[in-house]
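Computed from the coordinates by the stated procedures, all read-outs in this text should not be read as laboratory data. Quantities reported herein were computed from a predicted structural model and do not represent experimental measurements. Please note: Cβ atoms are built from the backbone with ideal geometry, for glycine as well, and neighbour counts cover all protein chains shown.
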Amino acid sequence: MKIGIIIGSTRPGRNGERVARWVRDRAAEHAGDTVDFELVDVQEYRLPLLDEPIPALRAPGGQQPHTRRWSERIDSYDAFIFVTPEYNTAPPASLTNAVDYLHREWGGKPVAYVGYGIYGAVMAVQKLRAQAGVLRMADIGPQLALTLSDDFVNFTDFQPRELHIAATYGLVDELLAWAAALAPLRSVYQQVS
């Protein structure tokens, strides 16, 4: 099984990469060698504001080279963990834009959330959950909410509290269970889309 841990922020000085690496390391130590957890950095894809002339639902994979590259990467995963900050009660535009580029590639795959911000990015995750539902993703319940006041020193040095380790293990267990259960559905989505 292959899980993509998507770093949603592209902001200079972002905390997302450190958070995502910590999540990947905890997930890998918990799940063992049977699961591959890979970081997927939205920033590396340099996706402009959605520039596909045909909606993703009607043109899987897109026409632009950057869309095809993004599509191939996302299509290769069985499940996702979105790592997101919260900007003005929403996820970063870079993350929602990256999600909007695709449709079929998300379908039948579970998604979990790790949010960080003043209040743990709870409102940003709520907006991502709504987006996931439209894309036929299985939106799992557990969410890791990291707060800037409790899990970061001076708002930048990521030092998560110990309680988040067990929470991450639970999130991973549920994500993997959903990914295994949805495997037949993913193959159907691949054929009909």
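Can you give me the span-like helices of the chain, meaning DSSP H runs with 20 Å or more of Cα extent along the axis and Kyte-Doolittle mean at or above -0.5?
163-181
222 nm [θ] for the chain, helices only, -39500 (n - 2.57) per DSSP H run of 4+, per residue, to 500?
Working: 8 runs with 85 residues, N = 193.
Here the helix-only value at 222 nm equals -13000 deg cm²/dmol.
Given a cut-off of under 8 Å on Cα pairs at least six residues apart, what relative contact order in percent is computed for segment 2-192?
It comes to 22 percent, rounded to a whole number.
Quick one: Debye curve from the C-alpha atoms of segment 92-193, no solvent, what's log10 I(q)/I(0) at q = 0.17, 0.23, 0.24 Å⁻¹?
After summing over all Cα pairs, the log10 values are -0.85, -1.21, -1.25.
To make sure I understand, if each residue's beta carbon is the centre and we count other beta carbons within 10 Å, what order do Thr34, Thr168 fall in, fewest to most?
Thr34, Thr168
Which semi-axes, in whole Å and largest first, does the equivalent ellipsoid of the chain have when worked out from the alpha carbon gyration tensor as the square roots of 5 times its eigenvalues?
Whole-Å semi-axes of the equivalent ellipsoid: 26, 20, 14.
Between beta-carbons, use under 15 Å as the cut-off and find the net charge around Tyr87, counting Lys and Arg +1, Asp and Glu -1.
Neighbourhood net charge equals +2.
Which one, Thr84, Leu176, Pro48, projects farthest toward the positive side of the charge dipole computed for segment 2-192 from Cβ point charges (K/R +1, D/E -1)?
Pro48
Mind checking the dipole of the chain: about its Cα centre, +1 per Lys or Arg Cβ, -1 per Asp or Glu Cβ, Debye to the nearest 20?
So the magnitude is around 500 debye.
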